[in-house]
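The values are calculated or read from the model by the stated rules, or taken from the named source; none is laboratory data. Values in this document were obtained by computation on a predicted structure and should not be read as measured data. Every residue, glycine among them, receives a Cβ derived from its backbone with ideal geometry; neighbour counts consider all protein chains shown.
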Amino acid sequence: MPRPRRPDTLLLLLALATAGCAGLVGNSAPPPPMRPGVVEFDLRQIDPQGNRPDAGFQPLTYEFCVPNDPNATGGVESIDRTVRCHSGVPGRVGCRPDQALCVGNTGQTSWAAVLAELSNEPFVTRIIDSGLPTPPQP
């Protein structure tokens, strides 16, 4: 004969089930607004997966400058997993000698939120389409 369950056990199971589902509802906060004028390409040309239909469904590669400092380069690399920063390279965006060129792409989940977060970094003043093909993702 099955043993009857105690009411406190049922409450505990209900609480655990509710807590486990809490992360599934409303988990995706809207991305922060982009700082106006920083992103200098049309985001409407990129589909929800981060690809450009007009470019064979490849991600858009973008570039921007940051201070040539490990805090700045490490900070943007932690925001955007696709970004790699390079010292002494001006790029198309025209980084100064005291800046590092950072290159990333839209081939990632939440690419619009990533761009918004990058645009809100005080030292990022321009993010442009690099015009380069996107390297294959690992």
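Overview of values
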{"quantity": "Selection status of Thr109, free of Cβ contacts under 8 Å to residues at least 60 places away in the same chain, out of contact with any strand residue (DSSP E or B) (no Cβ under 8 Å at 6 or more places or on another chain) and hydroxyl-bearing (Ser, Thr, Tyr)", "calculated": "yes"}
{"quantity": "Odd one out for Gly131, checked against (1) exposed (fewer than 14 other Cβ atoms within 10 Å of the Cβ); (2) part of a helix (DSSP H, G or I); (3) in contact (Cβ under 8 Å) with a residue 60 or more places away in the chain", "calculated": "(2)"}
{"quantity": "Unique residue being touching a Leu at 6+ places or on another chain (Cβ under 7 Å), farther than 12 Å from Phe64 by Cβ, outside any strand (DSSP E or B) and modelled with pLDDT of 95 or more when the list is Ala116, Ala112", "calculated": "Ala112"}
{"quantity": "Failed item, numbered, when Gly75 is tested on (1) of a type in the set (Gly, Ala, Ser); (2) part of a helix (DSSP H, G or I); (3) over 18 Å from the mean Cα position of the chain (by Cα)", "calculated": "(3)"}
{"quantity": "Among residues of the stretch 102-115, those that are of a type outside the set (Val, Ile, Thr), surrounded by 20 or more Cβ atoms within 10 Å (Cβ to Cβ) and touching a Lys or Arg at 6+ places or on another chain (Cβ under 9 Å), counted", "calculated": "2"}
{"quantity": "Filter result for Val89 (buried (at least 20 other Cβ atoms within 10 Å of the Cβ) and either more than 14 Å from the chain's Cα centre (by Cα) or not in a loop (DSSP other than H, G, I, E, B) (or both))", "calculated": "no"}
